[in-house]
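What follows is calculated from the coordinates using simple rules that are stated; it is not laboratory data. Computed from a predicted model, the values in this text were never measured in an experiment. Methodologically, a virtual Cβ is constructed for each residue, glycine included, from the backbone with ideal geometry; neighbour enumeration extends over all protein chains shown.
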Amino acid sequence: MALVKQAMIAVTAAVIFALVYGEGVDPNCLGCLCEASTKCNASTACHTPYPGAYFCGPFLISWAYWADADKPIIEGDNAEQKGAFERCVQDLYCGAETVRRYMAKFLDDCNGDGAVTCIDVIRTHKFGREGCGGVIQQGDKFWSQYQECETRLSL
C-alpha cells in the first residue's frame with residue numbers, strides 16, 4: 001500500500017510539474033502543498049469549515065487568497081462574473097496558477113532560516129501573507145500530510 005501511495009504522490013507531482021514548469025514554486029513543493037491540502041483531490045467542493053471561512057478546490061483556496069493573486073481565471077472566463085473564483089480554484093491548473101501568483105507576491109522567509117524554501121511556501125499558504133511565522137499545532141493534519149510528502153520527495 002505504501003508503494004501505491006508513493007506512486008500517487010509522484011504522479012501528482014509530475015502532473016503539477018507539467019502544469020507549472022519553470023514557474024516560481026518548485027513543482028514538487030506545489031505537489032506536496034496539494035497533497036497536504038486535500039490529498040490533491042481535484043473534486044474537492046467548496047465548503048465553510050467555520051463561520052466566515054470559505055475554501056475551495058484541491059489547494060483549499062479562499063476568495064481573499066484568489067483575489068490577492070490577482071484573480072486568475074480559466075481561459076475565456078471573466079474574473080468579475082459570479083462563480084469565476086470557484087471555477088478557477090476547483091480546476092487543478094488554475095488553482096496551481098493561483099498559488100504560484102500568490103507566492104510570487106507574498107512568499108518570504110517565514111521561518112527565519114535565511115532561505116526561502118518549500119516550508120516557507122507551505123507556511124505562507126497555511127497562515128497567509130501576514131502570519132506565515134505562525135505556530136504549527138501538534139497533530140495538525142495539513143502539516144503531517146506535508147511532512148509525509150516532503151520525506152517521500154526529499155524536499
Between the alpha carbon centres of region 110-127 and region 56-72 the gap in Å comes to 18 Å
Cross-link reach from residue 105 to lysines, straight Cα distance under 22 Å and at least 8 residues apart if same chain, gives 71, 126
Each label sits 7 Å from Cα toward the beta-carbon; between residue 64 and residue 137 the label points are separated, in nm, by 1.8 nm
To the nearest 20 debye, region 2-153 has a Cα-centred charge dipole, built from +1 on Lys and Arg Cβ and -1 on Asp and Glu Cβ, of 360 debye
Rounded to the nearest 0.05, FRET efficiency between residue 45 and residue 127 (Cβ-Cβ, R0 30 Å) equals 0.80
The ³J(HN,Hα) series, computed from each phi in region 66-78 with the Karplus coefficients 6.51, -1.76 and 1.60 at θ = phi - 60°, rounded to the nearest Hz and given as x for glycine or proline, is 4, 5, 4, 8, 6, 6, x, 9, 6, 3, x, 8, 10
For region 2-153, whose charge dipole is built from +1 on Lys and Arg Cβ atoms and -1 on Asp and Glu Cβ atoms, the candidate among 132, 63, 52 with its Cα farthest towards the positive end is 52
Computed D for region 2-153, Stokes-Einstein, Kirkwood radius over alpha-carbon pairs, 37 °C, 0.692 mPa s, to the nearest µm² per second, is 211 µm²/s
The set of residues whose placed amide H lies less than 5 Å from the amide H of residue 61, leaving out same-chain residues fewer than 5 positions away, is 56
Ordered by number, the GluC sites (Glu not before Pro) in region 44-90 that occupy a DSSP loop and have at most 16 other Cβ atoms within 10 Å are 75, 80
Calc'd 3J(HN,Hα), region 105-118, phi into Karplus 6.51 cos²θ - 1.76 cosθ + 1.60 (θ = phi - 60°), Hz, glycine/Pro = x, comes to 8, 10, 4, 8, 7, 5, 9, x, 8, x, 9, 9, 10, 4
A correct Karplus calculation of ³J(HN,Hα) over region 120-127, with 6.51 cos²θ - 1.76 cosθ + 1.60, θ = phi - 60°, whole Hz and x for Gly and Pro, returns 5, 4, 4, 5, 5, 5, 5, 9
